[in-house]
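Data first, discussion second: the structure below is written as structure tokens.
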Amino acid sequence: MILTRKVRINPSKEVSDKLWHVSSLCAHVWNFTLNEQKQSPSLTLYAAKRRLVTLKKEYPEYKQPSSQVLQNVVFAFYRGRSILLCTILGELYPFFSSITKCSLCFLSWTINVFY
């Protein structure tokens, strides 16, 4: 079954530059979230989302991409972190059941998709 289809687009120079700029801003948000997580390991997903507001106030160029795009970057960061945590727990503790690992990853995936 084919779930996706590749479509080739030929954006103009202006659109291409805008796409690269938004991609660059998303990378900066990812690094900002990583830095915040290192400084305060107990930072939750929702606290990280709230910090996007202060980031937008300090740096006006982050107002260009929609807030949903930047929130998706933060969601993806936390989803990746929970999958890594499940992998580490599974290797360190063999009694850590696969059901628990899947439920942790699924919870993270659910937050990413449905919020």
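The values are calculated or read from the model by the stated rules, or taken from the named source; none is laboratory data. None of these values were measured; they are calculated from a predicted model. For neighbour counting, all protein chains shown are included, and Cβ atoms are generated from backbone atoms with ideal geometry for every residue, glycine included.
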> Which condition number in (1) of a type in the set (A, V, I, L, M, F, W, C); (2) outside any helix (DSSP H, G or I); (3) loosely packed, with under 14 Cβ neighbours inside 10 Å is the one that Ala47 fails?
Replying inline: (2)
> Out of region 10-44, which residues are farther than 18 Å from Val69 by Cβ and not in a helix (DSSP H, G or I)?
Replying inline: Asn10, Ser12, Ser40, Pro41, Ser42, Leu43, Thr44
> Among Val74, Val29, Val69, Val53, which is at pLDDT 90 or above and more than 14 Å from the chain's Cα centre (by Cα)?
Replying inline: Val53
> What is the residue count in region 57-67 for residues that are surrounded by fewer than 16 Cβ atoms within 10 Å (Cβ to Cβ) and part of a helix (DSSP H, G or I)?
Replying inline: 6
